[in-house]
Amino acid sequence: MKIRPDMGIRLPDGTRLSARAWMPDGAESEPVPAILEYLPYRKSDGTAARDHGMHLYFAKAGYACLRVDRRGCGDSEGLFDDEYSEEELRDGVDVISWIAAQPWCSGNVGIQGISWGGFNGLQIAARAPEPLKAVISIGTTVDRYHDDIHYKGGIQLSENIGWAATVSSWFSMPPDPKLVGHNRWRDMWIERLEKAPFLASTWMRHADRDDYWRHGSICEDFEALKAPVLVLGGMHDGYRNAMAAMVEGLEGPVKGIAGPWSHKYPNISTIGPSIDYLGEALRWWDHWLKGIDTGAADDAAYRAYVMDSVRPDPSLDFRPGRWVALPAGPEGCTIQETLEFGDGVLGQAEVFSAMIETDLACGQNSGEFFPFGFGPGELPDDQTHDDALSLCFDSPPLTVGQDMLGAPRVDVKVAADKPRAQMIVRLCDLRPDGTSTLITMGLLNLRHRDGFEAHIDLKPGEIYDISVTLDQTAYHLPEGHRLRVAIASSYWPYCWPEGQNAALTVSGGAITLPWLDVNKAEECAFDPPVAMETRAYEQLKPGTERKEWREDSETGRTVLEIFGDHGQQKDLENGLITDSTVSETWSIAPDDPASAAVEIIWTRSLGRDDWEVSSKVTTRMRGAPDHFVIEQRLEAFEGDVQVVDRMMTDRVPR
């Protein structure tokens, strides 16, 4: 086995990308298939710990594995422009062609990845490069606008600005001087910092589903994706819908696995039970890249972990439940039941009219968009607090336990008293112990009621027929539990509120529930994770996290403070020392949605021996009735000397 920390890949325009490669012995004389993971997250320090054991496992099974830094990131030349840009995807196709042409490669290439790597792997596959024979995509999406970290249902998620802050910090570090050269690293670094894009501005200036978001959204043309796809994701992740969407939308070979996981590879999830992802992946690679009949093509189309009802726990690390295998996606394996709304009840149709006013305290128990394992309290808490600030419709107790599997849909007749309004719909499990557990939810900017391509103001007082599809779920409702539909007109700080409070009046509606057809499901199981060889680190400083709600006694604002110190580590292979911290302060005046504001400060450092660099990225966003103001300050230091101090600002209409 040979491990090369810096294999150069020369692109057609002359740019050199850097790859870490795990090469099986004898590959030069007996070529092997290759597995690519293509990311911006810095292979030499950012994902090094995760990469090592996984790619080593595949390499030992006879694959050349390459973990490639995207252009302008980590140890690769060039400049970063945007996520999933035309340049990024074109480079990805060129990388695959380069790999396939190497003497150690058999010509067959697979691509895998989670999150960014899951996204771009699918998008590259949709360009159908000939050597690409198989894909594994995890924590991913088919729709960059409606089902990503930026917008949901046309409402701007708070993660939009949070992600812009995080990415700017990630990409503020230089390449490793030992790999790119002691006479080059600094010039490369300064150029990156001076030309880094103002991502928050870019993303906020595309508030509708325009060509910017259609680019890279594979749902625009499912037929373009020919390579076999294994798609996995977690029901405690923000990305819950791609598995069903791809099983139901792709024409080529596709298998979906929906587990209980957080935003992690399924073998290292912070929420169990984890599975032997490496074994499942190897079955996929062996079948499609080596032509070995592993049975992977005969697996059930959709395998889902039906989660048991549990008492709400924001720090949950294990979810009891059971695996089921389905011959098709959820739509083909469920029985739909419609429960109509009555006056505060489900399943009892009656004439009523009920109003809910905006309460900016609704949403405090929402949890994070994508739990990642950074600290405690990432998952939704007991929904009772938020339920009390919402318009609720409750069902009678279930007389028999049932499994919900799929995407519930809520249809309502609703009027708003303002031209701009939001509707947040949660489906909860009312447990006999008095707690309310979030099952799934959906968001809709009512200005997008007729589609996401354009926003059209409401006519105050006019009744509209509105439909909201909630996120996919796989959830067991026991006998004696009740269902609750909770409707609110804001959900801070999960998403940004409108510039004015709006009252919603609901005068009818129903929820359609997808119950698993037991005649179309079989029990199944996965092996537990196998042990991976770990990369050696020395922990120089422990990490710490905290999350706290408080009221500012001077301003009266409600404040959420989040702090994470990720500790300091030394990589014993390459000697790099890394550490980072993040602080987030979200605040709002209880009676003024336009006052919503956030400040996010990331610090990051990288060093070795007597060399050290660091950065501080301060990102602020505040609202006004008709616009947002965003600011980002990027500071970088070589030792104690500041080398860059760059300020970016924008004012974006709502």
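The values are calculated or read from the model by the stated rules, or taken from the named source; none is laboratory data. Bear in mind the structure is a predicted one, so any value in this text is a computation, not a measurement. Cβ coordinates were reconstructed from backbone atoms using ideal geometry, including for glycine residues, and neighbour counts include every protein chain displayed.
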Exercise. If we scan the range 1-23, do we find a residue that is of a type in the set (Val, Ile, Thr), surrounded by fewer than 17 Cβ atoms within 10 Å (Cβ to Cβ) and at negative phi?
Worked result: yes
For this session: Quick one: ALA531 ticks every box in (1) free of Cβ contacts under 8 Å to residues at least 40 places away in the same chain; (2) of a type outside the set (Lys, Arg); (3) over 30 Å from ARG303 (Cα atoms) except a single one, so which number is it?
Result: (3)
Exercise. Within the range 300-319, how many residues turn out to be without any contact (Cβ under 8 Å) to a residue 60 or more places away in the chain, among the hydrophobic types (A, V, I, L, M, F, W, C) and not in a strand (DSSP E or B)?
Worked result: 1
For this session: Return the pairs, sorted by first residue and then second, in which the second residue is among the basic types (Lys, Arg) and modelled with pLDDT of 95 or more, the first residue lies in the range 32-46 and is closer than 17 Å to GLU88 by Cβ and in a loop (DSSP other than H, G, I, E, B), the beta carbons are less than 8 Å apart, and the residues are 6+ apart or on different chains.
Result: PRO40/ARG70; LYS43/ARG20; LYS43/ARG67
For this session: Determine, yes or no, whether ILE124 is at pLDDT 95 or above, within 20 Å of MET204 (Cα to Cα) and among the hydrophobic types (A, V, I, L, M, F, W, C).
Result: no
For this session: Only residues that are in contact (Cβ under 8 Å) with a residue 60 or more places away in the chain, within 22 Å of ARG71 (Cβ to Cβ) and either outside the structural domain of GLU280 (by TED's automatic domain parsing) or in contact with a His (Cβ under 7 Å, 6 or more places away or on another chain) (or both): list them for the range 207-234, please.
Result: TRP213
Problem set entry | Residues of the range 585-639 satisfying the condition of being of a type in the set (Val, Ile, Thr) and within 18 Å of TRP549 (Cβ to Cβ) | THR585, ILE588, VAL598, ILE600
Exercise. Of (1) in contact with a strand residue (DSSP E or B) (Cβ under 7 Å, 6 or more places away or on another chain); (2) free of Cβ contacts under 8 Å to residues at least 40 places away in the same chain; (3) under 28 Å from ARG184 (Cα atoms), ALA19 satisfies all except one. Which?
Worked result: (2)
For this session: Give, as residue ranges, the strands (runs of 3 or more DSSP E) completely inside the range 459-539 that count at least 3 residues that are of a type outside the set (A, V, I, L, M) and surrounded by 15 or more Cβ atoms within 10 Å (Cβ to Cβ).
Result: 473-477, 504-516
Exercise. Do we have any residue at all in the range 51-61 that's assigned by TED's automatic domain parsing to the domain that holds GLY117, more than 24 Å from THR140 (Cα to Cα) and in contact with a Leu (Cβ under 8 Å, 6 or more places away or on another chain)?
Worked result: yes
Exercise. What pairs can you find where one residue is in the range 480-499 and touching a residue at least 24 places away in the same chain (Cβ under 8 Å), the other is among the aromatic types (Phe, Trp, Tyr), and their Cβ atoms are less than 6 Å apart, with a gap of 6+ or different chains?
Worked result: VAL485/PHE393; PRO493/TRP586
For this session: Could you tell me which of the residues GLY26, GLY74, GLY62, GLY78 is without any contact (Cβ under 8 Å) to a residue 60 or more places away in the chain and farther than 18 Å from THR534 by Cβ?
Result: GLY26
Seminar exercise, completed: Given the conditions (1) within 27 Å of PRO175 (Cβ to Cβ); (2) in a strand (DSSP E or B); (3) in contact with a Ser or Thr (Cβ under 9 Å, 6 or more places away or on another chain), every one holds for ASN574 apart from (2)
For this session: Tell me, yes or no, whether the range 539-559 has at least one residue that is of a type in the set (Val, Ile, Thr) and modelled with pLDDT of 95 or more.
Result: yes
For this session: Please indicate, with yes or no, whether at least one residue in the range 212-225 is of a type in the set (A, V, I, L, M, F, W, C) and either touching a Phe, Trp or Tyr at 6+ places or on another chain (Cβ under 6 Å) or at pLDDT below 95 (or both).
Result: yes
For this session: Go through GLY72, GLY107, GLY92, GLY62 for me and flag whichever is at pLDDT 95 or above, more than 24 Å from ILE268 (Cα to Cα), in a loop (DSSP other than H, G, I, E, B) and of a type outside the set (Phe, Trp, Tyr).
Result: GLY72
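Taking the range 320-354 only, how many residues are under 30 Å from GLU248 (Cβ atoms) and in contact (Cβ under 8 Å) with a residue 24 or more places away in the chain?
Taking the range 320-354 as the starting set, the residues that turn out to be under 30 Å from GLU248 (Cβ atoms) are 320-341, 346-347.
Imposing the further condition that a residue be in contact (Cβ under 8 Å) with a residue 24 or more places away in the chain reduces the set to 321-341, 346-347.
Within the range 320-354, residues that are under 30 Å from GLU248 (Cβ atoms) and in contact (Cβ under 8 Å) with a residue 24 or more places away in the chain number 23.
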Seminar exercise, completed: Filtering the range 558-603 down to residues that are free of Cβ contacts under 8 Å to residues at least 40 places away in the same chain and aromatic (Phe, Trp, Tyr) yields PHE563
For this session: Go through the range 306-323 residue by residue and tally those that are in contact with a Ser or Thr (Cβ under 8 Å, 6 or more places away or on another chain) and within 13 Å of ASP381 (Cβ to Cβ).
Result: 3
For this session: Give the residue, chosen from GLY363, GLY377, that is touching a Phe, Trp or Tyr at 6+ places or on another chain (Cβ under 7 Å) and either farther than 30 Å from THR141 by Cα or outside the structural domain of ARG240 (by TED's automatic domain parsing) (or both).
Result: GLY363
Problem set entry | Sole residue being at pLDDT 95 or above and touching an Asp or Glu at 6+ places or on another chain (Cβ under 9 Å), chosen from MET441, MET423 | MET441
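Looking for whichever is in contact (Cβ under 8 Å) with a residue 12 or more places away in the chain, touching a His at 6+ places or on another chain (Cβ under 6 Å) and either farther than 16 Å from LEU199 by Cα or surrounded by fewer than 17 Cβ atoms within 10 Å (Cβ to Cβ) (or both) here; the options are ARG622, ARG633, ARG651. Which one fits? Walk me through it before giving the result.
Working: ARG622 fails: touching a His at 6+ places or on another chain (Cβ under 6 Å); ARG633 fails: touching a His at 6+ places or on another chain (Cβ under 6 Å).
Matching residue, one of ARG622, ARG633, ARG651: ARG651.
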For this session: Could you check, for the range 162-174, whether at least one of its residues is surrounded by fewer than 20 Cβ atoms within 10 Å (Cβ to Cβ) and more than 18 Å from the chain's Cα centre (by Cα)?
Result: no
For this session: Among the candidates ASP148, ASP237, single out the residue that is in contact with a His (Cβ under 6 Å, 6 or more places away or on another chain), outside the structural domain of GLY367 (by TED's automatic domain parsing) and part of a loop (DSSP other than H, G, I, E, B).
Result: ASP237
Exercise. Among the residues of the range 17-37, how many are of a type in the set (Ser, Thr, Tyr) and modelled with pLDDT under 95?
Worked result: 1
